[in-house]
Amino acid sequence: MGRGKTSYDDTVDYKSKNLHAERRRREKLSSRLLTLRALVPIITNMNKGTIIEDAIAYTQELKKKVEVLTGMLQEMEVTSSEEEITTRINEIGACEEMKRCGIKEDVQVTTIEGDKLWIKIILEKKRGRFSRLMEKMSCFGLELIDSNLTTSKGAMLVTACVEGALGETFTVQQTKELLLQILKGI
């Protein structure tokens, strides 16, 4: 048996390269499984197979929720567009009713006590028109003291007592022209 001792040092280096690569792969896999476990709210068991099964179940549940919410959103969009069409039809009907009754848009302004003015505006009834009128009047420096809104037969009657903001004074003609300009813009 004349064999001498053989050195295994060369093979150890070769095995260690594979071992390091395998160790990095396992660590990467474990890290990703931990991340997955953190994202999935309900994990029944901590082994790899169960984590993946629970993640699949959770993903399927989320898909179902997305489908339900998408359906609800589509229903809301259809309902919204139907309401918008109905509103437009009502506005057109209101305009025709106003014309049929012989009501025309009009602005009247008269002076009452000192710098205060009494205004009477008849305009077509449309969605949001009154609020835009009030905003524009405020922007142009007309301060409302008292106001009243009445709607009938497709028309709105706005009566109000106004004065100039910050002590400004407006003439009757100036106010009437301003209000006519506002009505054209809204």
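Quick rundown of the values:
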| quantity | calculated |
| --- | --- |
| In sequence order, calculated HN-Hα J values of segment 103-116 (Karplus, 6.51, -1.76, 1.60; Hz; x Gly/Pro) | 8, 10, 4, 7, 9, 10, 9, 9, 8, 10, 2, x, 8, 7 |
| Listed pairs 28/65; 104/184; 99/136; 104/136; 99/120; 136/176 exceeding 23 Å between Cα atoms | 28/65; 99/136 |
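Laboratory data are not the source of any read-out in this text; all were calculated from the coordinates shown. Note that the structure is predicted; figures quoted are calculated from it, not measured.
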